[in-house]
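Participant: There's a structure below that I have some questions on.
The values are calculated or read from the model by the stated rules, or taken from the named source; none is laboratory data. All figures in this text were calculated on a predicted structure; none of them were measured in a lab. Every residue, glycine among them, receives a Cβ derived from its backbone with ideal geometry; neighbour counts consider all protein chains shown.
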Amino acid sequence: MTRYALFLAPLPGDALDVEAARWLGRDVYADTEPRQTGGDGIGADEQAELTATARRYGFHGTMKAPFPLADGAHETDLVNAFNAYCLTVPAMPAPRLRLGNLDGFFALVPDGPAPAIDALARDLVATFDRFRAPLSEADIARRNPDRLAPNERANLQRWGYPYVMEAFRFHMTLTHRVREPDQARVEAALASRFGHIVRVPLTGLALALFVERAPGALFNVLSWRQLTLLPAADPVPT
């Protein structure tokens with residue numbers, strides 16, 4: 001079953017794109033797998049293990065989670081709708097990112113509120129929901145709905161994914177869940193790799209349509225468009 005997803009990603013060749021591809025061992029634009037060499041206290045084998053899940057998706061921030069097409073919908077229609085939508089996206093302030101620990105998962109997250117990204121995610125979820133096939137009972141069960149908060153269960157039923165709308169938290173995943181004894185070491189290695197990039201506003205950002213051609217296959221870029229970023233305001237002194 002083919003699935004599609006709407007992601008935010010760095011522009012191809014941007015410093016963040018290059019470093020993330022080296023870390024994950026995956027360049028989604030070139031469809032290549034750069035060799036993971038380790039470093040900063042992380043061995044190559046450990047790096048490969050830490051990034052195994054994230055590597056399949058490529059470096060991204062989810063805006064609309066992967067979904068199969070609804071009956072009667074076609075890939076060409078989705079691509080055309082996506083390309084037309086990209087022309088309507090307003091300029092947004094260039095986000096600043098920081099390294100975050102999300103319950104043991106390391107990711108790059110906004111360094112403060114990101115209302116423009118949040119609003120774009122809400123609109124993408126609603127606008128492209130007409131292309132999404134409804135969840136089956138098995139799909140819902142796999143999400144363990146009894147463990148979700150009430151609003152997350154409602155989102156799952158309405159939008160096919162629990163962490164949307166008011167439950168959305170933008171993040172760009174770097175690792176799977178890291179054991180607590182290893183977290184400080186992994187965090188230090190990631191800070192060394194990405195610290196010089198995340199201290200300044202992003203210079204480029206793309207809205208991208210990704211595709212997974214078969215269950216468990218790699219996600220690849222099907223279409224992408226550069227977003228217009230406005231100069232970021234200077235951070236408020238603390």
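Participant: For region 2-40, name all the residues that are of a type outside the set (Asp, Glu), at positive phi and surrounded by fewer than 17 Cβ atoms within 10 Å (Cβ to Cβ).
Facilitator: Looking only at region 2-40, we keep the residues that are of a type outside the set (Asp, Glu), and these are 2-13, 15-16, 18, 20-26, 28-30, 32, 34-39.
Within this subset, residues satisfying the condition of being at positive phi are 13, 25, 38-39.
Once the filter is applied, which keeps residues that are of a type outside the set (Asp, Glu), at positive phi and surrounded by fewer than 17 Cβ atoms within 10 Å (Cβ to Cβ), region 2-40 yields 13, 38, 39.
Participant: Looking only at residues that are in a helix (DSSP H, G or I) and hydrophobic (A, V, I, L, M, F, W, C) in region 138-172, which one is surrounded by the fewest Cβ atoms within 10 Å (Cβ to Cβ)? If you could, list the steps in order and put the result at the bottom.
Facilitator: Of all residues in region 138-172, those in a helix (DSSP H, G or I) come to 138-142, 145-147, 150-159, 165-167.
Keeping just the survivors that are hydrophobic (A, V, I, L, M, F, W, C) gives 138, 140-141, 154, 156, 159, 165, 167.
Details: 138: 7, 140: 15, 141: 11, 154: 14, 156: 20, 159: 20, 165: 18, 167: 15.
Out of the qualifying residues, it is 138.
Participant: Among 185, 179, which is the only one that is over 15 Å from the mean Cα position of the chain (by Cα), surrounded by 13 or more Cβ atoms within 10 Å (Cβ to Cβ), under 21 Å from residue 41 (Cβ atoms) and touching a residue at least 60 places away in the same chain (Cβ under 8 Å)?
Facilitator: Only one candidate passes the filter, namely 185.
Participant: Residues of region 62-88 being outside any helix (DSSP H, G or I), more than 20 Å from the chain's Cα centre (by Cα) and of a type in the set (Gly, Ala, Ser), which ones?
Facilitator: 70, 72, 73, listed by residue number.
Participant: Now a separate question. So which residues in region 198-223 are in a strand (DSSP E or B) and more than 18 Å from residue 56 (Cβ to Cβ)?
Facilitator: Residues of region 198-223 that are in a strand (DSSP E or B), as a first pass: 206-212, 219-223.
Result: 206, 207, 223.
Participant: Which of (1) modelled with pLDDT under 95; (2) crowded, with 19+ Cβ neighbours inside 10 Å does residue 109 not meet, given it meets every other one?
Facilitator: (1)
Participant: Name, by its number, the condition in (1) modelled with pLDDT of 95 or more; (2) exposed (fewer than 15 other Cβ atoms within 10 Å of the Cβ); (3) farther than 23 Å from residue 131 by Cβ; (4) of a type in the set (S, T, N, Q) that does not hold for residue 238.
Facilitator: Among (1) modelled with pLDDT of 95 or more; (2) exposed (fewer than 15 other Cβ atoms within 10 Å of the Cβ); (3) farther than 23 Å from residue 131 by Cβ; (4) of a type in the set (S, T, N, Q), the lone unmet condition for residue 238 is (1).
Participant: What pairs come out if I take residues in region 149-171 that are within 17 Å of residue 8 (Cβ to Cβ) and pair them with residues that are among the acidic types (Asp, Glu) and at pLDDT 95 or above whose C-beta lies under 8 Å away, six or more apart or interchain?
Facilitator: Final answer for the pair search is 163/152; 168/118; 170/118.
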